[in-house]
Amino acid sequence: MPDQLARWLGELERRRLDFGSGAGERKLELLRRLERRRFKRSSQVLRLHDALCFMRAYPDDDLLLATIERMLE
């Protein structure tokens, strides 16, 4: 399933800058999918970490913030 993982990670990187209607829900869905995966490459972990740090600074809502903080732990 590495192709799927790469797609989800790429979409999260693109959507981290979206703040319109439904943006937070889609980010949360992507985070929940990525949270359950094992990353085989350190570059993927770094990409996820960078996206999480950005979204931590600019969270859409409290639920997304809580998910981000849990994942950063």
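Okay, here's what the table says:
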| quantity | calculated |
| --- | --- |
| Top-ranked residue of the stretch 1-53 - restricted to ones that are touching an Asp or Glu at 6+ places or on another chain (Cβ under 7 Å) and open to solvent by 50 Å² or more (accessible area, probe 1.4 Å), ranked as modelled with the highest pLDDT | Arg47 |
| Every pair of residues 6+ apart whose Cβ atoms lie under 9 Å, when the first sits in the stretch 30-47 and is under 10 Å from Trp8 (Cβ atoms) while the second is open to solvent by 80 Å² or more (accessible area, probe 1.4 Å) and modelled with pLDDT under 95 | Arg37/Met1 |
| Residue among Arg41, Arg33, Arg7, Arg14 that is under 19 Å from Glu69 (Cα atoms) and not hydrophobic (A, V, I, L, M, F, W, C) | Arg33 |
| Leu64 being of a type outside the set (Val, Ile, Thr), surrounded by 11 or more Cβ atoms within 10 Å (Cβ to Cβ) and without any contact (Cβ under 8 Å) to a residue 40 or more places away in the chain | no |
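The values are calculated or read from the model by the stated rules, or taken from the named source; none is laboratory data. This is a predicted model, so every value here is computed, not measured. Note that we place each Cβ from the backbone using ideal geometry, even for glycine, and neighbour counts take in every protein chain shown. Calculation scope for accessible area: heavy atoms of the full protein, side chains included, ligands and nucleic acids excluded. Shrake-Rupley method; radii C 1.70, N 1.55, O 1.52, S 1.80 Å.
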